[in-house]
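First comes the structure, then the notes that go with it.
A short reminder: the numbers here are calculations on the coordinates, not readings from a lab. Quick caveat, the model's predicted, so the values are computed rather than measured. So basically every Cβ, Gly included, is an ideal-geometry build from the backbone, and we count neighbours across all protein chains shown.
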Amino acid sequence: MSHFKAAANDFIDFVNACPTPYHVVHDVRARLVKNGFKELKEKASWNIEPNGRYFVTRNESSIVAFTVGGKWKPGNPMAIVGAHTDSPTFRVKPVSKRSPSGNFLQIGVECYGGGIWHSWFDRDLSVAGRVFVKDPTTGKSQIRLVKVDKPILKIPTLAIHLDRSVMEKFEFNKEQHLTPVLGLLEKNLNKKKEEEPVESESDATPHQALEQCHDPALLGLLASELDVTPEQIDNFELYLFDTQKSCIGGLNDEFIFSPRLDNQVSSYCATEALIKSLDTVEKDESIRVIGLFDHEEVGSLSYQGADSNFLPAVLSRLAGAPGQNDGSDVSINYQSLASSFLLSADQAHAFHPNYPTSYESAHRPDMNRGPVIKINGNQRYTTDGVGMVLIQKIAEKANLPMQKFVVKNDSSCGSTIGPMLASKLGLRSIDIGNPQLSMHSVRETGGSKDIYYLEKLFIEFFNNFVETDKQIVYDE
Ligand SMILES: [Zn+2]
């Protein structure tokens, strides 16, 4: 198997296992543990050793992992790759029970992020996330991941015969028309009559309160998936996902047809690069870091998002280690950050053949032609000349193709976690990512060779950052 195909296939397995940020962190954690990384807890003190491999999670939906170079000294640089674990989707509402419309059992969902919501119509959907399960003996709530591998939900379109206007323009209301159907009511009502005694409101236990918020059918489904009783479910955080699996596509296997390319591609490649560069850690002077954050799609401002103190707190504890307890010397931390570098990794827009005028004519990235450097003079992306020279030197040495992207002057531009991390931490940075089509659709399209290219670029960055940075005369 070619290295392109091996990387693409492993990525596909990763996406298929990871419908939510909780699953991303779970899978990344498993890959790291398998390769000798030790888990640290933010609430404990850390004993960081040269040649060590560590990771720390926050809310189990964001994760920072790092290796400490054998030649690391306090104040030395850090080579950082940042990405995000979340993607636009629907979240099951706190009260998801709907009063019946016709004969349908439906659940209320809330839009999460800026999805291309029309792409979610008529797809075979299911739910995944995490459930707080009460241990019957201790009474403690424990988090269990859940992923229902069966199409149980549908957001149906209206037949064209009932609304001819959709031939001109497909319009819908996000509150009214995106409520998925879970099943038909009759069967459920019958079951209810037989099995469930009517309770008065004053007798309601917290569990019954949960039953009042969600249909017993949904709670029963979660209970049976987790092999617990519905009474053991204290609460849950559930998201919708498309059950159609990620796959290789195109005449010559040139594409990946997949959900969540944005931004599981970067999360996957960063993780694999940190692992695949372990053999050079011993002679490295830097700390290599990957930071994978939840909540990018909704602005990153949360306890575990990139705009939180998660990464600054971790880096400040590393900068002085070992020798200075958890980096208590502030100047050592700043010294370290000033010589560090961030690759802010997020997906880029590939050229779309049917919308050529939506692209700036000289900046049209193609799939399978390497990672894209994203540039925006208005600082929606962090890329500047220093970063471009650095990454070009690293890519050239490894013979890796690279591309460039700017938006048209009359077009809006996305942004990334790059500007907030670079400004908050005082880091030099560049924005980079793989080109894809249909960003934020439930089914996106990327290039099958690009997984290998991005992973390789990150490996080269970790292996060569310190030496390459010395080749750029800057701020001296
Ligand atoms: Zn993204």
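Roughly what would the spin-label model give for ALA338 and VAL389, points 7 Å off Cα along C-beta, in nm?
1.9
Roughly how many whole Å is it from the C-alpha centroid of the range 340-387 to that of the range 413-450?
With the range 340-387 and the range 413-450 each reduced to a Cα centre, they are spaced 8 Å.
Using the Cα centre as the reference, give the magnitude of the dipole from point charges on the C-beta atoms of the chain (Lys, Arg: +1; Asp, Glu: -1; all else neutral), rounded to the nearest 20 debye.
620
Give the span of the range 36-170's Cα atoms along each principal axis, as three whole-Å numbers ordered largest to smallest.
Largest first, the range 36-170 extends 71, 49, 22 Å along its Cα principal axes.
Which cross-chain or sequence-distant (5 or more) residues have an amide H under 5 Å from the amide H of ILE233, H modelled 1.01 Å from N in plane?
LYS134
Positive end of the dipole of the range 89-242, charges at C-beta (+1 Lys, Arg; -1 Asp, Glu), about the Cα centre: which of GLY108, ALA223, GLN176 has its Cα farthest in that direction?
Among GLY108, ALA223, GLN176, the one farthest towards the positive end of the dipole of the range 89-242 is GLN176.
Extension gain THR357-GLN471, at 0.36 nm per residue separation less the Cα-Cα distance, in nm?
37.1 nm
Hey, quick one: spin label on ASN51, modelled 7 Å out along Cα-Cβ, who in the range 260-300 has an amide N within reach, i.e. under 16 Å?
Inside the label zone: 278-286.
HN-Hα J couplings of the range 141-158 from phi, Karplus 6.51/-1.76/1.60, θ = phi - 60°, integer Hz, Gly and Pro as x?
8, 10, 7, 10, 6, 9, 8, 7, 7, 8, x, 10, 10, 8, 9, x, 6, 8
Given R₀ = 35 Å, FRET efficiency for LYS245-ASN103 by Cβ-Cβ distance, to 0.05?
0.70
Restricting to DSSP H runs of at least four residues, report the calculated mean residue ellipticity at 222 nm for the chain, -39500 (n - 2.57) per run over all residues, nearest 500 deg cm²/dmol.
-9000 deg cm²/dmol
I need the Kirkwood Rh of the range 1-72: take the reciprocal of the average 1/r across all distinct C-alpha pairs and report it in angstrom.
Roughly 13.7 Å, rounded to one decimal.
Tell me, what ³J(HN,Hα) does each residue in the range 74-84 have, in order and in whole Hz, if you take phi through Karplus 6.51 cos²θ - 1.76 cosθ + 1.60 with θ = phi - 60° and put x for Gly and Pro?
Working through the residues one at a time gives x, x, 5, x, 10, 9, 10, 10, x, 8, 10 Hz.
Show the residues, 5+ positions off or on another chain, whose built amide H is closer than 5 Å to the amide H of HIS349.
Hits under the 5 Å cutoff: GLN436.
7 Å from Cα along Cα→Cβ at both LEU162 and GLN176: what's the point-to-point distance in nm?
Spacing of the two 7 Å Cα→Cβ label points: 1.3 nm.
Sequence-distant or interchain residues sharing an amide H contact under 5 Å with ARG123, placed H: which?
Here the answer is ILE155, since their amide H atoms fall under 5 Å of that of ARG123.
Provide the gained length on full extension for the span LYS140 to LEU278, in nm with one decimal, where the gain is 0.36 nm per separating residue minus the Cα-Cα distance.
Full-extension gain reported as 45.8 nm.
Restricting the calculation to Cα positions, tell me the Rg (one decimal) and the Dmax (whole number) of the chain in Å.
Values for the chain (Cα only, Rg and Dmax): 24.0, 80 Å.
How many Å³ per residue does the convex hull of the Cα positions in the range 89-242 occupy?
Spelled out: Cα convex hull of the range 89-242, divided by residues, is 131 Å³.
For the range 62-92 and the range 96-110, what is the centre-to-centre distance using only Cα atoms, to the nearest Å?
40
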